[in-house]
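One structure is given here, and the rest of the page talks about it.
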Amino acid sequence: MGLPSTESSGPRSFGATHFTLHGLPIGIFSILLALMASMGGFIFGYDTGQISDILLMPDFLQRFGQCDADGLCRFSNVRSGLIVSLLSIGTLIGALLGAPIADFLGRRYAMSIECIVFSVGVVIQIASFEAWYQFAIGRLVAGFGVGALSAAVPMYQAETAPPQIRGTLTGTYQLFITFGILVAYAISIGTRSIEGAGSWRTVVGISFVWAFILGVGILFMPESPRWSARHGRPEAARTAIAKVRAIPEDHPIVESELEEILASLEVEEGLAKDLLYHGEVQKVNPSGFVGTRGWLACFQGFTRGTSRVGYRTLLGMSLQSLQQLTGANYFFYYGATVFESVGIQDSFVTQIILGAVNFVCTFGGLYIMERFGRRGPLIIGGIWQSMWLFVFAAAGTAKDPTTDSGIGKLMIVSACLFILGYAMTWAPGIWILIGETFPTQTRAKQGALSTAANWLWNFLLAFFTPFIISAINFRYGFVFAACNLLGAVVVWIFLYESSGMSLENVDLMYRDASANAITSGRWAPPGYDSRADLEAERKPRRVTDNDVEKQSAGAGPSAGTALGAEEARKEDITQ
């Protein structure tokens, strides 16, 4: 059976399977698309959640641990650190390699191939018998696929989702991460009573199912309209827009969104041919895109009145790094070990509780990030998380939790309240921002760099946490508490509010010399009085010369709107 064609031979209608939000149609298919792509997050979460319990399974310890004369087996800090953290090295590499693959093959085919790579890593793991490094290498290879998916999925979701629910649909990636973690915990509890290698091989081997669902299912979804438009396939882009809206292809809303995408690409292509670099016009090679699509282009423009592409790259990398430094993976990777040291007899059950809190609260996070924007929840979340990590660390430092049950319970409650805040703010929020902050030309590479920063810190924390715990024990929580406060400050000073706008208008906001992060929630494109007007009026629109002059006057060069300010925007790229 062949795959459904995304090309259109004429206007088509995709039925009435839609609902309205702010008077605009949202196709049910857009939700199905987001959920299917979010299986990439499920794979990520499942692989993250399984290792904590596997490290404590008797057969796994006997096979790959270091056993003394009495038959007591354990993992050294180095060995356990490598088994856990080599996945992160693979994901870092995978995220960087995934960008050119997604740009060349398209988002869907890239994700399908990445599922195959992940499956190869799973085979290596379950085929391990005595060599612990074989299992670790398997996690490294699986990481190539997980890392590439972590860059491709949010990008695909953001490029395809209607602006009115983009935050919610992109946030389902994080929801499925938490679901994957919870399922991994549950399956681990179910298999730990199995005698022999089946206890851990079953947990690892089930990963094939998740990879198959995504690898095959994503091929029946439409390609990203922005990728299609960029690669000279406007009719495929039109079909994708109509399908996620569940309206006819010749509907005015489809025409408006397609025109906005094409106009934005036209401006970027024009800039590609006349890129200013150190005051000189650079000639491009025959491919036409050396200046704008190479990796160095991700670091051009930092100050107001420029493209601010470099600014956004560093912002994305910083936010992804700070997401890791919240301390969430301290509990997800080593939670069973941590709570065992607190004196909890069945640490697996505590992991289930944390996983359930994480999963359930992420539903609230999808609503919060859509209803209240991006900046506010992240600032409040950073403060909330810092507070409960401080309580966790202070309690564990003040008294021995293994001898004082009250302290142990307080630490568990503190951990749960930390996870509650994380799941509602920083967990979904950062992945949403990675999908919507970057311009089309460099989105894949900027997303890859940001995601690679996440995985770099993931590796550092996964590898060094056993050593740090041995040295400072629960005082580790104070470090994470400080990092959460730092994250809140970074968001307040540097992050622009991007909710409720198309990706093209988000790009314009960052380019606008008169815009700044703290007041960005009140920014609207020229021709609109407020962002509410963007929802009330989705019609083809071009700015007038007066609009461009008004925005540019006294503020340096800036863009008008995605539909009509090419000359103004050419002045943006000066760095």
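Every number in this text was worked out from the coordinates using simple rules, so none of it is lab data. What you see is a predicted model, and the numbers here were worked out from it, not measured in a lab. FYI the Cβ positions are ideal-geometry reconstructions off the backbone, even for glycines, and counts take in every protein chain you see.
The residue list MET424, GLY406, LEU486 was ranked by how far each Cα lies along the charge dipole of region 386-537 toward its positive end, using unit charges on Cβ atoms, and GLY406 comes out on top. The simple spin-label model puts a point 7 Å past each Cα toward its Cβ; for ASP250 and GLN62 those points are separated by 7.3 nm. Mind listing which GluC sites (Glu not before Pro) in region 441-543 are in a DSSP loop and have 15 or fewer other Cβ atoms within 10 Å? Sites meeting the loop and neighbour criteria: GLU537. A crude spin-label estimate for the pair TRP295 and ILE194, with each label 7 Å from Cα along the Cβ direction, gives 4.1 nm.
Derived scalar couplings between HN and Hα for region 181-192 equal 4, 5, 5, 4, 4, 5, 5, 4, 5, x, 9, 5 Hz in order, rounded to whole Hz, by the Karplus curve 6.51 cos²θ - 1.76 cosθ + 1.60 (θ = phi - 60°), x for Gly and Pro. Summary value for region 211-251: 27 percent relative contact order, contacts being C-alpha pairs under 8 angstrom separated by 6+ residues. Counting charges near ALA152 (Lys, Arg +1; Asp, Glu -1) among other residues having Cβ under 13 Å from its Cβ returns a value of 0. Take the Cβ atoms of VAL123 and PHE19, set R0 to 41 Å, and the FRET efficiency comes out at 0.45. Using 1/(1 + (r/R0)^6) with R0 = 30 angstrom and r between the beta carbons of ARG475 and ALA186, what's the FRET efficiency to the nearest 0.05? My answer for the efficiency is 0.40.
The order of the peptides 220-232, 165-177, 189-201 by mean Cβ neighbours within 10 Å, most packed first, is 165-177, 220-232, 189-201. Local charge sum around GLY487 (other residues, Cβ-Cβ under 15 Å, Lys/Arg +1, Asp/Glu -1)? Residues close to GLY487 contribute a combined charge of +2. Residue by residue, region 208-217 carries 3J(HN,Hα) couplings of 4, 4, 5, 5, 5, 4, 6, x, 8, x Hz when phi is fed to the Karplus relation 6.51 cos²θ - 1.76 cosθ + 1.60 (θ = phi - 60°); x denotes Gly or Pro. Between the C-alpha center of region 446-471 and that of region 486-509 there is a gap of 25 Å. Length available on full extension from ARG522 to LYS399: 0.36 nm per residue minus the Cα-Cα distance, which gives 39.4 nm. Paramagnetic label reach from PHE212 (point 7 Å along Cα→Cβ; backbone nitrogen cut-off under 18 Å): within region 117-148, residues 117-127.
Under a 5 Å amide H cut-off, with hydrogens placed 1.01 Å from N, HIS18 pairs with ILE28 among residues at least 5 apart or on other chains. Here each label is just a point 7 Å from Cα along the line to Cβ, and for LEU485 and ALA69 those points are 5.1 nm apart. Whole-Hz Karplus values for region 298-311 come out as 5, 10, 9, x, 10, 9, 4, x, 10, 5, 6, 5, x, 4 Hz, taken residue by residue from phi with 6.51 cos²θ - 1.76 cosθ + 1.60 and θ = phi - 60°; glycine and proline positions read x.
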